[in-house]
Amino acid sequence: MYWRIVKNDVVQSKLITVTTTLFVIVASVLVALATIMSVNLTSSIDTLMEKTEAPHYMQMHAGELDRERLARFAEGNDNVAAYEVTNFLNIDGSKMQIGEHNFVNSVEDNGVVTQNQKLDYLLDMDNKIIQPKPGEFYAPVDYQKQGFAKLGDKVTIAGKEFKVTGFLRDGTMNSQMAGSKRILIHQEDYDQLFVDGSLEYIIQFRLKDPSKLNEFEAAYKTAGLEMNGPSGTERLFRLGNAMSDGMMIAVLLVISLLVVLMAFMCIRFTLLAKIEEDYKEIGVMKAIGLQVTDIKKIYLAKYAALSVIGGLIGYLVSVPLSAMLLRNIKLYMGESKNEQLSWLLAVAGVILVVILMIVYVYCLLNRFRKISAVEAIRFSGSNDKVSGKSRWNLRKLTALSANVRLGMIDILRRKKIYATMLLVFILSSFIMIVPAIIYNTVSDVSFVENLGFSKEMDMMVSLYESEDNEKDEQTIEEYLEKDPDVVDYSKIITKNFFVKEKGSSNNVLAVELGNHQKFPVAYTNGQAPKKSDEIALSTVNAETYKKQVGDQLVLIQEDQEITFTVSGIYANLFNGGKTAKATFEDQHSERMWTNIYVKLKDSEQLSQKMKQYQKALPFAKLDNARMHRDQTYGATIKSLSFVAIGSIVVALAITALITALFMKLLLAKDKKEIATIKALGFTNKDLGKQYLARSVAMLLVGLSFGTVLSMTLGKTLAAAMAAMVGMVNVQMSGTPLIYIGCPILMLVVTILATKAVTSQAGQVNIAENLKE
């Protein structure tokens, strides 16, 4: 009997049935996707790190290497399980061509290496250790993703020819955001190319107890070992691998939770609308002796069926979608060990959503107990009480038409009914605006300030310490002085200094020395150092040393303790995010690298100037903000654009469906009022304007709250999600296009949905409803 009733009800109320099912499907799809993606990303990263035996600590070094001293340190440290020193032969981009792509404009260090022997292995696409043969060329998987290379492509490096044999996965330099990429070749080929590259060493350690990494890092630096280059830890490697897909998953998780919440509201709308339509029938059933429990079963059977069907369809839809979204994870890191578990957890998530919805419907159906059989048979709809006389006298608002004022009066008299619609509009605008803010922040050129670039800078010329460093540095400065297109430049030298904290000097801080006023970066607190006794810390170092603006930090300079005041804290991802800025002079400490920031008269000439400088200064590394952003965060930006567009589509669909359902609910409740208004001479067009005034008014209020919420709580939430994947203290920013464009889209959708549904208002029979 129940299923026959359900079947008839579905046929009679197609809109409510389809809308409810769609909401359950969307909620189930998002929950399943978020679960599958999260489990597979975590497992794939773990698998990659295990298969490659990635180092817990890595130090790159340019310059002379004392292997005996390094061996004594490793043997004397009880926490070292294995260590290895490998060569990284940095090839100038102008000397490397793969197919049609030349690496002359690459901001990354592209180096050829041979396979490691003890740890940090380079793997093929089956996650097996590669043993290349002479003439074979294994390119980073990122080259394939970006379209730089494909199997069989001809490769030319400094005149020597290779063929792309395959692609490799790299536990430490796998992600797009990694500043260096390793190319695997045979030892014979490496030896032939040795004279055409600049040599760097990769010093790597695996520890017996990774939890004591900070202790080990301090011991390494205290021992005065090689440190002329960036360093990294396993945590940084994991964050790099998780960055692109991790941001997308974090946004997806938040949206899925909000959509589940809105699915509950949709069910509430549809159920209340159905109860209004069936009010007389409910009264008749109660009058003939049916128990409330029996009546609830009839409605519960329908919504249980819709929830189960929607959940099942949602899960089935999530399978091909997840396969598409998992391609990037599988390409970069390989298969997940927990893929089967992710499907099971996704099923569990969908089942939980379905159960929660059924329980929610069951609780809503308790309102049947309040329905009087006599009143239900006598009246065509519920006799809900409305608020008393409004404090607002809308008659004074003569600028508003009578229809608009009638619509506004109804909102003020029935605030409780409209509150749910208002909440839906707030959440819809939040779902639409927040992902757009995140995408805008990461894709905007100013985002490079969070990476350590200054927005005032057009180009950066870098030198690592070498025997010819002073000569090369002088050559660069002379060239800049003679270039009429250069407005200004500033030289920043990075050196290591010991930090004395809590009575010990066992930590080393990379300090950038120079004038930081010319090309300031974005400071989350405070400002750039001006005086010689001031120092600014990156967010990572500020957290490490537990320092805030105004606190004191002691450095060891020339065997003397010098106290500095923290002037500011800034966002930065260079050198693993561990940097500091100061202005004091130092003549004794060894340089790590030198950066020269350049400002051009015309930024439009940047591309041309980059080519000019690459030819004139082949020994230097050139970089600029836009190139760095595109080459290191391109995949992340694409992922976030996908989520942002999807969020807009979902929010607009929700807005349209909820508006349509709410208008349908009002029409069901207002049959008597509509008949009265029509009897007074109001036309169908007038009725449409009254209902349109209600929906638009609620939308405008909801948009106002939603936009403010997005600009406050939304930005905080987005920054927290960014911090989860390594982007610490990123300042989120929107644009007028987001804050104005998104509401306009919602307004158009709301107007169209309202007009589509309220066109039925004129079909109300005046005589029949007035008689009731």
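The values are calculated or read from the model by the stated rules, or taken from the named source; none is laboratory data. Keep in mind that what you see is a predicted model, and the values were worked out from it rather than measured. Here the Cβ is made from the backbone with ideal geometry for all residues, glycine too, and neighbour counts use every protein chain on show.
One table, with the values for the structure above:
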| read-out | value |
| --- | --- |
| Whichever residue in the stretch 179-189 is at pLDDT 85 or above and crowded, with 17+ Cβ neighbours inside 10 Å and, among such residues, is farthest from K145 (Cα to Cα) | D189 |
| Residue match in the stretch 32-47 (condition: in contact with an Asp or Glu (Cβ under 9 Å, 6 or more places away or on another chain), in contact (Cβ under 8 Å) with a residue 40 or more places away in the chain and either charged (D, E, K, R) or at positive phi (or both)) | no |
| Only listed residue being crowded, with 17+ Cβ neighbours inside 10 Å and closer than 28 Å to D46 by Cα, chosen from S318, S307 | S318 |
| Any hit, the stretch 73-89, residues being assigned to a loop (DSSP other than H, G, I, E, B), under 16 Å from K160 (Cβ atoms) and either without any contact (Cβ under 8 Å) to a residue 60 or more places away in the chain or assigned by TED's automatic domain parsing to the domain that holds K154 (or both) | no |
| Selected residue [farther than 19 Å from F23 by Cα and either in the same structural domain as S38 (by TED's automatic domain parsing) or modelled with pLDDT of 85 or more (or both)] from N403, N393, N328 | N328 |
| Identity of the residue in the stretch 166-178, under 20 Å from G197 (Cβ atoms) and part of a strand (DSSP E or B), that ends up modelled with the lowest pLDDT | D170 |
| Any hit, the stretch 59-67, residues being in the same structural domain as S175 (by TED's automatic domain parsing), crowded, with 17+ Cβ neighbours inside 10 Å, in a helix (DSSP H, G or I) and among the basic types (K, R) | no |
| Qualifying position, being out of contact with any Pro (no Cβ under 8 Å at 6 or more places or on another chain) and either assigned to a loop (DSSP other than H, G, I, E, B) or surrounded by 16 or more Cβ atoms within 10 Å (Cβ to Cβ) (or both), among Q115, Q97 | Q97 |
| Enumeration of residues in the stretch 521-557 that are aliphatic (A, V, I, L, M) and assigned to a helix (DSSP H, G or I) | V540, A542 |
| When residues of the stretch 126-149 are limited to those that are at pLDDT 90 or above and of a type in the set (D, E, K, R), the one farthest from I329 (Cα to Cα) | K133 |
| Residue among A582, A522, A536, A510 that is out of contact with any Lys or Arg (no Cβ under 7 Å at 6 or more places or on another chain) and closer than 26 Å to M227 by Cα | A582 |
| Output for the stretch 324-358, where each listed residue is surrounded by 20 or more Cβ atoms within 10 Å (Cβ to Cβ) and either farther than 29 Å from D170 by Cβ or among the aromatic types (F, W, Y) (or both) | Y332, A346, G349, V350, V353, V354, M357 |
| Tabulated pairs, the stretch 416-438, first closer than 11 Å to M265 by Cα and among the polar types (S, T, N, Q), second surrounded by fewer than 22 Cβ atoms within 10 Å (Cβ to Cβ) and at pLDDT below 90, C-beta under 8 angstrom, 6+ apart or interchain | T420/M265; T420/R268 |
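Matching residues to (1) at pLDDT 75 or above; (2) among the polar types (S, T, N, Q); (3) surrounded by fewer than 18 Cβ atoms within 10 Å (Cβ to Cβ); (4) within 32 Å of the chain's Cα centre (by Cα):
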position: A679; (1), (2), (3), (4): no, no, yes, no
position: K685; (1), (2), (3), (4): yes, no, yes, no
position: A693; (1), (2), (3), (4): yes, no, no, no
position: L699; (1), (2), (3), (4): yes, no, no, yes
position: T712; (1), (2), (3), (4): yes, yes, yes, yes
position: S733; (1), (2), (3), (4): no, yes, yes, yes
position: I738; (1), (2), (3), (4): yes, no, no, yes
position: C742; (1), (2), (3), (4): yes, no, no, yes
position: M746; (1), (2), (3), (4): yes, no, no, yes
